[in-house]
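To start, the structure under review is shown below, and the notes come after it.
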Amino acid sequence: MKKIFLLLMIFGLMHRLVQSQDKPASMGFIPSSYYTFSWNTTFTMGDFNKWVGNASPAGFDLGGRYFIKGGLVAGFNMSWQRVSQIYTNETYSLPATGQAITATNYRFTWMVPFQAVIAYHLMPDKMVSPYIGLGIGGDYMEHHLLVEEYDIYKTRWDFSLTPEIGALIKLGYYSQWGALVAFNYKWTTNQIDLYKDKSSKNLQMLNLKVGITYIIR
Amino acid sequence: MKTKLLTILGMGIIALTSCTKYPPSSGRVTQDLVVYTQYDVTINFSDYKTFSMPNTVVYINGKDTSTLNNANSTVLLNRIAADMKTRGFEQIANTAKPDLGVNVTAIKTTTTTVYSPGWYYGYPGYYPWGYPSYGYPYYPTYVTSYSAGSVIIDLVDLKTVVNNTVMVRWNAFIRGLMTNLHTQADITNSVDQAFTQTPALKTTP
């Protein structure tokens, strides 16, 4: 279901992209700002991937960007994301108290990232306007290890950096609606240390964002 | 156009709700085996050399106790004895003054939401070692809900008797092991796991 949905989205965007190339380049406008609502799929990396290996489609992102000069924009992003995975026959030990429990473990992390964003749109007046950007901010994260009825968790704040590439795609030359496709790499100072013998530091992830935009002229 | 966008948005929300979920508790308690162990970190198991164990499993059914004697209980007892021997302990008769006593208990129908240490010791016939009370040098924490077929293994210190009380030095709790949902291989594997996750439980012959 997810794959079919993703393929339909990609097909739809490609169709629009092809249509847009047939029109005169002079048509279109430079927006004054735009607002985004995106569906966010997270791919954990490095140590974070050892904690939860599954890619997770559970996430959304809200953003606003304001054109400062030419293609230069500044704005914000706020998100909610969750990654989770079930591991069977995992042993959780507390050596100091001589306790150990082997059971099905459910690991999940949910996070609320918030970032200031600066980006540069290469062709801000075109229907397809690719951009490169950088997000700087922080996250609130909760890391949970559910061992049957026990919920062992820690909460952490962090600092994060997110370089991003993407494209704003207007759904018509004068339409105020558009689509957003973006891909970013995120580095954080967050860490997971729920297991004594394996901790995850500097959590990293890749995010694929597909969403809608409301464009203001 | 807005209709299309709303459709896309709706499909996205459906996708969001399809992420991994923890199975409900009702399914887990009967299907998932849980092996919990705890031991007294203040003692050295090398100080203990011998053990003894009864040839039956104490069987708790509601307020009644009896003994369990079937193929599965035999597999259970044999595996515990084998693992103890693998860890260097020698099995001797109860009358030969063993250092450690092994109690094995299976619970038939009780569903207990909060474990109270020693709650089942009040049942008649549960003192195979002749001492009127048991004690824990640590606070034993068991999985807080369990159902039929759970197994409790207690390793009792028969060398150190204080005020007619023997202390439990190691205990294992295996949830759901003696239900019909699990095989004899599950029994041996779970008992092995209880020992594996307690590397301190060993001695030199």
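The values are calculated or read from the model by the stated rules, or taken from the named source; none is laboratory data. Just so it is clear, the structure is predicted and the values come from calculations on it, not from any experiment. Neighbour counts are summed over all protein chains in view; Cβ atoms, including those assigned to glycine, are modelled from backbone coordinates with ideal geometry. In case anyone asks, the SASA skips ligands and DNA or RNA and just uses the protein heavy atoms, side chains included. Shrake-Rupley method; radii C 1.70, N 1.55, O 1.52, S 1.80 Å.
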Quiz item: For the range A:2-216, what's the relative contact order in percent, using C-alpha pairs closer than 8 Å and at least 6 residues apart?
Solution: 21 percent
Quiz item: Mean 1/r over all different Cα pairs, inverted: what Kirkwood radius does the range A:2-216 give, in Å?
Solution: 18.8 Å
Quiz prompt | Whole-Hz couplings from phi, Karplus 6.51/-1.76/1.60, listed for the range B:185-194; x for Gly and Pro | solution = 5, 4, 4, 5, 5, 5, 5, 4, 4, 4
Exercise. Find the accessible area per residue for chain A; the probe is 1.4 Å, ligands and nucleic acids are left out, and the unit is Å².
Key: 45 Å²
Quiz item: For chain A, what % of the accessible area comes from carbon and sulfur atoms, probe 1.4 Å?
Solution: 66 percent
Quiz item: Per residue and in cubic angstrom, what volume does the convex hull of the Cα atoms of the range A:21-148 have?
Solution: 130 Å³
Quiz prompt | Karplus 3J(HN,Hα) series, Hz, for the range A:206-217 with 6.51 cos²θ - 1.76 cosθ + 1.60 (x for Gly, Pro) | solution = 10, 10, 10, 10, 10, x, 10, 10, 10, 9, 10, 6
Exercise. Would you be so kind as to list the residues of the range A:55-86 that have their accessible area lowered by at least 40 Å² in the full protein complex compared with their chain by itself (1.4 Å probe)?
Key: A:ILE86
Self-check item: Where chymotrypsin sites (Phe, Trp or Tyr not before Pro) fall in DSSP loop in the range A:112-192, at most 12 other Cβ within 10 Å
Solution: A:TYR174
Self-check item: Where A meets B: accessible area buried, both sides, 1.4 Å probe, Å²
Solution: 2900 Å²
Quiz prompt | Total charge dipole magnitude, chain A, about the Cα centre, Cβ charges on Lys, Arg, Asp, Glu only, Debye to nearest 20 | solution = 720 debye
